[in-house]
Every structure is written in C-alpha cells, then in structure tokens.
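One structure below.
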C-alpha cells in the first residue's frame, strides 16, 4: 500500500481523537463543573470539526484513493493542496469556535471550508469524468459532490439570518436542518455508497439493480429533507411526496441488500473478516435509521421527537457514528488501507463498543424525556461512554501506522 494513503488516514484518525476529546469535555462539564469552558462554544467546535476534520477529510482521502486505482497518475500529489486546505479550515474552526463561538474568525473559516468543498467537487468531477469507465458508482460519487454543494445553501442562509438579525425560530431551524440533511443524507451517504458500489461492480454485481437503487435514493434525497421540518405544516401534496420519498429509500435499501446477499461469496473473498463485521454493523445502523425516519412521517411523532434534545442528539450520533464512522473504518479495514494489527483491532473494538453504549444511553435518555422523567446517573454514564470513545480512537491512532511485526 502506498505511503500517502497511510499518512492521510493517520491524520484522519488523529482528528477523530480530537473530536472524541471535545465530546469528553462537554460530557464532563455537564456531569461535573468546568466554569472556564463555554459549553456552546465547545459544541460548535465539536460538530464543525467532526464534519470537516473527520468525516469530510476522510471521505476526500478515500475518494482520491479510488481515483488512484483507476489510473497510474499520482492523484495524491494533485489533491494534496486541497486536502491540506480542508485541514487548515477544519483546524481553524476547531480553535476559533472554542475561543469565540460564532464570530468573525469562526465564520471566516467556515466559509473557507465551503469554498474548499466547491473546489474539491469541481476538480474531482473533472477527474472522475476523465476516467474511461462509466459505472453506476460514478453516479453515486457525482451525486455526493452535488449534495455537498447544495448543503452550503443552508449554511449561507443561516449566516444571512445572523448577519441581518433575522432570528425567526422556524427559519433558523430549517436552515440548520437543511445543511445537516444534505451533509449526512447527501454528501456522506452517497460518497460511502459510491465507494461500496464500486467494489460491488468489481465483483460483477447486477448493474440494473444498482442503477435502480441509485435512482430511488436520488429521487428521495431532496424531498426527504422535509422530514426534518414537518412541524412547518407542509401542504398535503408535499407531504405525499415526502411519504413517497420514504418508501423509495426503503425500496432502494432493499435492492442494495439483495445485491449484497447475491454476491455474498465474492464479498467474503474480497473483504477482510473484521471489515465485513464493521460494514454489517454500519448497515444495521442504517436500517434502524431508515425505520426511525419512516416513523417520523407521522406528524405527531415528528413534532414530539424534534421537541426533545436527547432524541435529536441520539439520531445525529446514530448517523454520524453508527452509520458513517463505522462504515469508514470498516472500508479502510476491508481493503487494508492501513496495517491492521491486534492492538488496532482492540482500539476499534473499544471505539465501536463506545458507539453502541452511547446510543443505548441516548435512547434511554430520550425515552425517559418523552415522559418528562430522568435516568439516574445518566450524565455520568454518558461521560463514561465518551471516555470509551476517546480511548478507542486514541488506541486506533497510536497503532494505525505500526507494522504487524511490531505487535
């Protein structure tokens, strides 16, 4: 395996450690006392850096690596300045949000981060179109780039409202959910699927089924946004389209699972053992996410769930950790983009265990919140779960560049 991919993945895992560390700080402040920490500032730093420094950075690296498998051109040399630029904006947001919250420097780095994503989308689209192959996986990857650009509308809309002091609660939340939706249901999901479908295509999976799944998810991507804002009392026609989008996603996922099961033998031969386990966990988390999303089409349930912060936090962590982060780590392991050692496997086990425990605790907190009750020692338990995530991510990072013979 080439050195560049290992170095870039090591940087990504270091960023994951920072994300987890910020999570521990926030949980500690809730459980105990940190008067010199502005919780909201750390929250903004945590969320922005998780998106830009961990998930987006790693997906960019994996997409560049995919291009490298299609040609002999040194793509990491070509994209190095874009990857570094994204890192600079991510670290800028990490520090500036902690120091000042939403202010000049943090907004500046956030804006620069968006412009970097525009440049990456333009350059990658051109290079992807320049390859000789015309695969369904390329449709997924190009759609991911489009949704990445679309998501910025929410960010700029939010910035406009803040600059003009237009603090209408509904529009404020609508802008936030717009950005979030087209990031994790657009850019993140379609990029991950593009990487997965590319591997399925190499195994000779049915192009017809893969195309059908893509078209269903692509159709659903935009109207599914309105699932996040059903409390805006949508027109009945739009509500009907939202229901159709939910059905389309379930059908698309059903087709994808069918393709995977039909190529089960090839997957066992091509994907590493532990990589398959992680990808299975990611798919289970995604299935749970789709089922929860389907339930939210009931307006009363949607208003109820979006009215309780623990439920929102639990859902976001399910998508960002349970679905996306586990997929990324599983993909890296499946194709040995880094040396997979015993100590690294231990770190991954700890990290994934932390995700599962964290989700179970958030689910319990959310269910209790629905009846306006609280779970004893919940803040301490969530702090412990955050510490487990930090321990796991730190173990992964420390061992990601070690050789098997070093263990």
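Nothing in this text is a laboratory measurement; each read-out follows from the coordinates by a stated rule. Keep in mind that this is a model prediction, so the values were computed, not measured. Virtual Cβ from ideal backbone geometry, glycine too; neighbours counted across all protein chains shown.
At q = 0.11, 0.13, 0.17 Å⁻¹ the log10 of I(q)/I(0) for the stretch 1-159 amounts to -0.49, -0.66, -1.01, computed by Debye summation with a single uniform scatterer per C-alpha, solvent ignored. Given in Å, the Rg to one decimal and the Dmax to the nearest whole number for the Cα atoms of the stretch 140-241 are 16.3, 55. Helices in the chain, meaning DSSP H runs of at least 4 residues, each add -39500 (n - 2.57). Divided by all residues, the mean residue ellipticity at 222 nm is -25500 deg cm²/dmol. The alpha-carbon positions of the chain define a convex hull whose volume is 142 Å³ per residue.
Between residue 39 and residue 290, how high is the FRET efficiency from 1/(1 + (r/R0)^6) when r is the Cβ-Cβ distance and R₀ = 22 Å? Nearest 0.05.
0.10
Result for the chain in a Gaussian network model with C-alpha springs under 10 Å: among 88, 323, 19, the largest mean-square fluctuation is at 88.
Normalised Debye scattering of the stretch 311-407 at q = 0.14 Å⁻¹ gives log10 I(q)/I(0) of -0.57, counting only Cα atoms as equal scatterers and leaving out solvent. The mean sequence distance of close C-alpha pairs (under 8 Å, at least 6 residues apart), as a share of the length of the stretch 311-407, puts its relative contact order at 44 percent.
So which residue, out of 379, 185, 170, gets the largest mean-square fluctuation from a GNM of the chain using Cα contacts under 10 Å as springs? Judging by the Gaussian network model, the answer is 170. Principal axis analysis of the Cα atoms in the stretch 16-70 yields extents of 53, 15, 11 Å, listed in decreasing size. Over the chain, what relative contact order in percent results from Cα pairs under 8 Å that are six or more residues apart? Relative contact order comes out at 18 percent.
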